[in-house]
Amino acid sequence: MPYPPPSRIPAGTRRRSLLASAAGAALLAGCSGGSQDSGSTGGSPSVAEKARARAARDSAGLVERYDAAIAAFPGLAEHLAPLRAEVVRHTEAFGGVRKTTKKASPTAPPSPSPSASPSASPSASASAPADEKDALTGLADAERTLSDRRTAALLEVPGELARLMASVAAAGAVHAYLLTEGAR
């Protein structure tokens, strides 16, 4: 005769479930609370606006790097076009100006380059890569650096912008991986 199943769930499983539920609830409350708190502090809107403008400038600078690589090595255009299009969408998501995706060298925005010193210096050094592999490696390094910078800035920005920056930082990390794999 088989033993009947226990009448209650073992305590260990229940505790684990409770802890996982509490951690998930705290995570969700932390994410959703950021957008409500952003209006209550005096400095948050300006911090968010500055972070959004910097992110747009950085993405615009990255588009310029893609354009330089495509102009130098037209054979990379097919490989780089989808990644470049995503970076253009990132620029737009942060409120930057729209760049066309049909041409390899659209007009550059006039103000971002001088004010964004971190993205301006890599752009200047990447203007003349030696070969396709160097161009891809330079783009991967730029994507990785920008992704790391955006990840570090997540704690300084309010909820919705933090979620957008996290998403774009993750996309940048994936772009770096794809560019690195494409260089092999």
Query raised in the report: Filter the stretch 138-181 for residues that are more than 14 Å from the chain's Cα centre (by Cα) and open to solvent by 60 Å² or more (accessible area, probe 1.4 Å); which is modelled with the lowest pLDDT?
Result: 181
Report task. Can you run down the residue pairs with Cβ atoms below 6 Å, 6 or more apart or on separate chains, where the first is in the stretch 75-91 and under 16 Å from residue 176 (Cα atoms) and in contact (Cβ under 8 Å) with a residue 12 or more places away in the chain and the partner is part of a helix (DSSP H, G or I) and of a type in the set (Phe, Trp, Tyr)? Result -> 80/66; 84/66
Query raised in the report: Is it true that some residue in the stretch 101-117 is at pLDDT below 95, charged (D, E, K, R), in a loop (DSSP other than H, G, I, E, B) and surrounded by 18 or more Cβ atoms within 10 Å (Cβ to Cβ)?
Result: no
Requested in this report: Confirm whether residue 84 is buried (at least 21 other Cβ atoms within 10 Å of the Cβ), modelled with pLDDT of 95 or more, in contact with a Phe, Trp or Tyr (Cβ under 6 Å, 6 or more places away or on another chain) and not small (Gly, Ala, Ser).
Outcome: yes
Query raised in the report: Counting only residues that are open to solvent by less than 50 Å² (accessible area, probe 1.4 Å) and of a type in the set (D, E, K, R), how many does the stretch 41-81 have?
Result: 4
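The values are calculated or read from the model by the stated rules, or taken from the named source; none is laboratory data. Computed from a predicted structure; not experimentally measured. Reconstructed Cβ throughout: ideal geometry from the backbone, glycine too, with neighbour counts over all protein chains shown. Ligands, DNA and RNA are stripped out before the accessible areas are found, and what is left, the full protein with its side chains, is counted by its heavy atoms. Shrake-Rupley method; radii C 1.70, N 1.55, O 1.52, S 1.80 Å.
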